[in-house]
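Q: A single structure is presented below for examination.
Any read-out appearing in this document is the output of simple, stated calculations on the displayed coordinates, not a laboratory observation. For clarity, every value in this text was computed on a predicted model and none was experimentally measured. Positions of Cβ are backbone-derived with ideal geometry, glycine not excepted, and every protein chain shown enters the neighbour counts.
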Amino acid sequence: MPAKEALIEVKNMTMAYGDFILQKNLTFTVDKGSIFTIMGESGCGKSTLLRTLTGLKQPATGNILFRGIDFWGSSHKKRVDLLQQCGVLYQSGALWSSMSIGENVALPLQQFTTLSRDEINDLVEIKLALVGLKGFSDYLPSAISGGMRKRAGLARAIALDPEILFFDEPSAGLDPISSRMLDDLILELRDSLGATIVIVTHELPSIFALADDSVFLDSESRTMLTTGNPKVLATESDSIKVRQFLSRSTSSPIGKTKTNNEK
Ligand SMILES: Nc1ncnc2c1ncn2[C@@H]1O[C@H](COP(=O)(O)OP(=O)(O)OP(=O)(O)O)[C@@H](O)[C@H]1O
Ligand SMILES: [Mg+2]
């Protein structure tokens, strides 16, 4: 196996809305080429962490390093450069409803590249084919299914061939089969693009199918309880909360329970 290389390092970070401290002392590393999940109960701050990692929200304290470069300590121009290497699918999905699927995918290419209209059209077709939406370029988002809209969102997120992809609950609201297909697609994208993927999800099948690594945010203590491979954490974590979270379903690798050092 290739040596691990840190792509994103979060160091002692606190996130807050005004005086309300949402999460404190967050410290974890996302390795290059890994699939990293952000886990935790509803409202613990997963989407806020994703927004903080993608430059939409500044941490109250602490640092985020991209390949050793301090993101928030950098100039605006440097931050924009770094963000152009990232593709994001936010929780709300947010395709423009009045624009066709193809126009939605073309948007970042028009905004951030100097490619001609024909070149952009070719790339849009390639990206749509990659997510299994060949031939749907002219459809409006309202004319395709929820699973197809998620895949269109993925096509837009990968439009600029990003090095890092961020997905917030990509399979929320999908039936188990569509959700499984989306997981397969995410694995394929990681392999074909060589991308690093940070994904918010609380779907256990997705967590176990995808994640090499993770962080678990706790709403009660307002900090992370652990970081590591969820398959290992499911049985080995010192925290009973983490083990319980990861063994809600019989399809998960439920194993021995611990009695010592419970958190
Ligand atoms: N813009 C905001 N201003 C103030 N508080 C906010 C804002 N956005 C989120 N919050 C609060 O921060 C907390 C965490 O929200 P966040 O959306 O990050 O949680 P989450 O873990 O993604 O939840 P879910 O699993 O439901 O998506 C919530 O209590 C929410 O009310
Ligand atoms: Mg959320």
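Q: Could you give the nm distance between label points at ILE126 and ALA6, where each point is 7 Å from its Cα heading toward the beta carbon?
A: 3.4
Q: Shifting gears a bit: Roughly how many whole Å is it from the C-alpha centroid of the stretch 87-144 to that of the stretch 1-50?
A: 29
Q: Next question. Can you give the helix-only mean residue ellipticity at 222 nm for the chain, where every DSSP H stretch with n ≥ 4 adds -39500 (n - 2.57) and the sum goes over all residues, rounded to the nearest 500 deg cm²/dmol?
A: On the way: 9 runs with 92 residues, N = 263.
The per-residue figure over the chain is -10500 deg cm²/dmol.
Q: Under a GNM of the chain (C-alpha, springs under 10 Å), which listed residue has the highest mean-square fluctuation: ASN63, ASN229, ASN12?
A: In the Gaussian network model the winner is ASN12.
Q: Students often check this: by mean Cβ neighbours within 10 Å, which of 116-122, 151-157, 233-239, 55-61 ranks highest, and how do the rest follow?
A: Working: 116-122: 12.1, 151-157: 25.6, 233-239: 18.4, 55-61: 15.1.
Listed from highest to lowest mean packing, they are 151-157, 233-239, 55-61, 116-122.
Q: Once you list every other residue whose beta carbon is under 11 Å from the beta carbon of ALA3, what net charge do they have if Lys and Arg are +1 and Asp and Glu are -1?
A: Residues close to ALA3 contribute a combined charge of 0.
Q: Pulled fully out, how much extra length does the chain show between ASP19 and ASP161, if you take 0.36 nm times their separation in residues and subtract their Cα-Cα distance?
A: Length difference between fully extended and current span is 47.3 nm.
Q: If you don't mind, another one. For the chain, with a Gaussian network of springs between Cα atoms less than 10 Å apart, report the residue from PHE167, PHE28, PHE112 with the top mean-square fluctuation.
A: Of PHE167, PHE28, PHE112, the most mobile in the Gaussian network model is PHE112.
Q: Measure nothing but the geometry: give the 0 to 90° angle between the long axis through the Cα atoms of 101-112 and the longest principal axis through the Cα atoms of the chain, rounded to 10°.
A: Long axis of 101-112 versus the principal axis of the chain: about 80 degrees.
Q: Same structure again: What is the spin-label model distance, in nm, from ALA209 to ASP138 if the labels are put 7 Å beyond Cα along the C-beta direction?
A: The modelled label-to-label distance comes out at 3.3 nm.
Q: Now, a different point. With labels modelled as points extended 7 Å from the Cα through the Cβ direction, what inter-label distance (nm, one decimal) is found for LEU56 paired with THR235?
A: That separation, rounded to one decimal, is 3.8 nm.
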